[in-house]
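Structure first, commentary second.
Where a number appears in this text, it was derived from the coordinates with a stated rule and is not lab data. Note that the structure is a prediction, hence the values are computed from the model and not measured. Backbone-built Cβ (ideal geometry, glycine too); neighbour counts: all protein chains shown.
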Amino acid sequence: MPANVRIIRDRVRSVQSIKKITRAQELIAASRIVKSRQRVDAARPYTEEITRVLTALATNASNLTHPLLVPREQVRRAGVLVVTSDRGFAGGYNANVLRKAEQLFSRLREDNVEPVLFVMGRKGIAYFRFRERPIAAQWAGFSEQPRFENARIAGETLIAAFTAGGESTVDASELANVPNGVPGIDQLHIVSTEFHSMVSQTPAAKIVAPLQVEYVEEGAEHKLLPEYEFEPEADELLSAILPKYVNTRIFAALLEAAASESAARQQAMKSATDNAEDLIKNLSREANQARQAQITQEISEIVGGANALAAAGSED
């Protein structure tokens, strides 16, 4: 077999092996999308209900002085939680999130606000480490199957940093007393990917703290809230529920990010599988053409040799 034909067929076998891998990844991602969407749908009623209860508490509370509700007079530092994936092969999923985060960083710096970075996912951690960006806290290992415990651990750190930000100043000596060694922050943003459909996932940057409470006015065209009798008082319950609400929002963002990651990976692996099939067809065609050219050359050499022998015999 000619060397060039052998090389082409080796490439075909290599691409066929890659195609098997991408096809398997596509099927795995497709199965995980279903589970991820089910988890998003299962968590939505809890999120809606805790929002209704929080609105009722805020409407009946005598004062709203909780640190998570009071905007800071001067915003010096803003925490940004960036949610990325732990694995690659997800197309532009991570690149889009990181691009959105960079845009938020630029906007904060224009407002003379120092960004404080919090990262979820190995891809985001590697991205910022490579660029030597300081990371205040990081979490990884659960991007495809997040649990509420993961959101709670991150939420406690973020809430502690936000609460400390209302009491700390810009002096470095005071920052040493902040819980978990994380600088105090005056705002909290989260950058993650929202899942809309199998073909539509968009990165978004949202502010998580301070929370914006919507008041329900009498006569307003809203669905009436149920009448509650709070025990203990609404103010005390509000202080207990607000951290849970922040954790719930982080968990909801993680669930949507997981569904978006699986959808992006399924699309990327499908495109890779289709490209592998096209490449195999082109390489097979190229190998056949090379083989046919070699056969034609061999036939021409045989015919030429036969003619030469015949001419030599006729001369004798």
From the cross-link list K35/K281; K20/K281; K123/K270; K206/K244, the entries with a Cα-Cα span beyond 24 Å are K35/K281
With the label point 7 Å along the Cα-to-beta-carbon line of D10 and a cut-off under 13 Å to each amide N, the hits in the range 267-298 are none
Reduced to Cα centres, the span from the range 84-100 to the range 278-316 in Å works out to 52 Å
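Would you kindly state how much longer the chain becomes between N288 and E102 on full extension, computed as 0.36 nm times their sequence separation minus their alpha carbon distance, in nm to one decimal? All intermediate terms of the calculation are to be shown ahead of the outcome.
On the way: separation 186, 0.36 × 186 = 66.96 nm, distance 4.97 nm.
Using 0.36 nm per residue and subtracting the Cα-Cα distance, I get 62.0 nm.
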To the nearest 0.05, the calculated FRET efficiency linking I21 and A240 through their beta-carbon distance, R0 being 45 Å, is 0.35
